[in-house]
Amino acid sequence: MIRKLDEENLTYAFPEVAFDNDYVIATYQAKVKTSNIEKLAMAIADEQTTGTWIKVGADSMEKTRRFGSKLVALYEVPDAGCDYQSDEPPMYIIQVAYPMENFSHSMSSLMTILFGNISASGMIRLIDVAFPKKMIAQFQGPKFGLHGLRELLGVPDRPLLNAMIKPNIGWTPDEGADLFYHACKGGVDVIKDDELMLADGPFCPLKERVTKFMAAEKRVYEETGEHSLYAVNISDSTEKVRDNAYRALEYGNNCLMVNVYTTGFDTLKMLAEDPNINVPILAHVNFAGTMAASTYTGISAPLLIGKITRLAGGDFQINGHPFGKFPVPYKVFYRCFKFFTQPWWNIKPMMYACSGGTTSQPSTAPSAAQEEKIIKAVGTDVMLAAGGGVHGHPDGSEAGAKSMRQAIDAAMLGIPVTEYAKDHPELARMLGHLNPDLKKNFDLMN
């Protein structure tokens, strides 16, 4: 049987050739023992496009040519030679190009094409996706993004400060509004609901909560000249999310929060692209670990919570950092930050909110405080998310917020936090509260 090159190489291409023809290139990691990795790689590619396990009547070369995927790269790590012997399954990097024509503007369609059926086929992990410029131009991304948040708040340079209402749930609208007022008066820029908070629960109804919080925001602005955002949780069943958003805006709210990994990327995209919704959206990270925490399966964290969520329209997102109570590896933190913020044609940068036990406390005195470590790692265009670090201050939430702002100022000025605290009583009180050894030093000073 004659098989010429146009048929033999129909499902193969170099990455640069695929890009020139407007393909989306997905990169997978596969840890598998096989005698024919080419066949396995092509099976992965076929499963997500025109292929099936047996030839069917409607199949054709023309369909494969137009809608089929192409294997653009296949690497074994390490690149084993004849001298390599191991009982461990090899690790492969597989790159597959999918025609842009296969995709719609739907995030669910995008995720299904990139990792649908094959996500359950063993130790295969989606680690990156490269999109052609023409495709990205069809997406809006964040409506405000990092720079829009700064403009809304009138804070051009320093890291933003975020706090949650604590405890997570169980508080009344009056209790929450009181915490909101004192935290924002102390210097918090963004207050958010906990992800567990019901959008419109019987003990803390949406209308009462938003109305009282925004009255507190107005009061703080009149007293301090600083605005604050309230990211109210509107997460709900699909048919209720937009209605919750509209109602929150009707009651005067100025920021929304959605649990994007449980409500769906298309829910976030719907909110971000709605012309009637002109406030920033916090895309909460909870549940992302079910997809991004494994080494060998799921989706890489920078891709999932960075590139995909940014494409769907998140303006800012809570995520971990290496210096808190739930430390994430530095490489994950750093790469996620880059995927949140690095240039991406028309898609605005998303603000990274560092969370997870963020306080002003040095880990071991006189080492650098978390604020200083974060700023040294990724710069000042970040948000610092502190719940206990604000509300756990022995003198209350207002003093806690002041102590966090003072720690940020110290980091910006390059002054050790323990030194800066000598002239800033709220910071000194919090450091002494968190570390008895430091308390003795501050007591001696006084």
If R0 = 30 Å, then SER237 and TYR334, at their Cβ-Cβ distance, give a FRET efficiency to the nearest 0.05 of 0.25
How charged is the neighbourhood of THR295? Take every other residue with its Cβ under 12 Å from the Cβ of THR295, and add Lys/Arg as +1 and Asp/Glu as -1.
+2
Across LYS134/LYS338; LYS166/LYS240; LYS212/LYS269; LYS325/LYS402; LYS348/LYS422, pairs whose alpha-carbon gap is larger than 31 Å
LYS348/LYS422
Whole-Hz Karplus couplings 3J(HN,Hα) for the stretch 134-149, θ = phi - 60° and coefficients 6.51, -1.76, 1.60, Gly and Pro as x, run 4, 6, 4, 4, 7, 10, 8, x, x, 6, 10, x, 4, 6, x, 4
Taking Cα pairs under 8 Å and at least six residues apart, what relative contact order does the chain come out at, in percent?
15 percent
Burial order of peptide ranges 78-86, 206-214, 184-192, 37-45 (average beta-carbon count within 10 Å, highest first)
184-192, 206-214, 37-45, 78-86
Tell me the mean residue ellipticity at 222 nm calculated for the chain from its helices only (DSSP H runs of n ≥ 4, each -39500 (n - 2.57), averaged over every residue, nearest 500).
-11500 deg cm²/dmol
Under the definition of Cα pairs under 8 Å and six or more residues apart, what whole-number percent is the relative contact order of the stretch 155-294?
21 percent
Within the chain: Cβ-based charge dipole about Cα centre, in debye rounded to nearest 20 (Lys, Arg +1; Asp, Glu -1)
240 debye
Please work out, to two decimal places, the log10 of the ratio I(q)/I(0) at q = 0.29 Å⁻¹ from a Debye calculation in which every Cα of the stretch 245-297 carries one identical scatterer.
-1.14
What is the spin-label model distance, in nm, from SER106 to LYS218 if the labels are put 7 Å beyond Cα along the C-beta direction?
4.3 nm
With all protein chains present, the chain has a carbon and sulfur share of its accessible area (1.4 Å probe) in percent of 54 percent
Among (i) 25.1, 93; (ii) 23.0, 74; (iii) 32.5, 113, the entry that matches Rg and Dmax of the Cα atoms in Å as calculated here
(i)
What are the ³J(HN,Hα) couplings of the stretch 263-269, residue after residue, when phi is run through the Karplus curve with 6.51, -1.76, 1.60 and θ = phi - 60°? Round to Hz, x for glycine and proline.
7, x, 5, 5, 5, 4, 4
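The values are calculated or read from the model by the stated rules, or taken from the named source; none is laboratory data. Everything quoted here is computed from the prediction, not taken from an experiment. Methodologically, a virtual Cβ is constructed for each residue, glycine included, from the backbone with ideal geometry; neighbour enumeration extends over all protein chains shown. The protein model used for the area step is the full one, side chains on, heavy atoms only, and it has no ligands, DNA or RNA in it. Shrake-Rupley method; radii C 1.70, N 1.55, O 1.52, S 1.80 Å.
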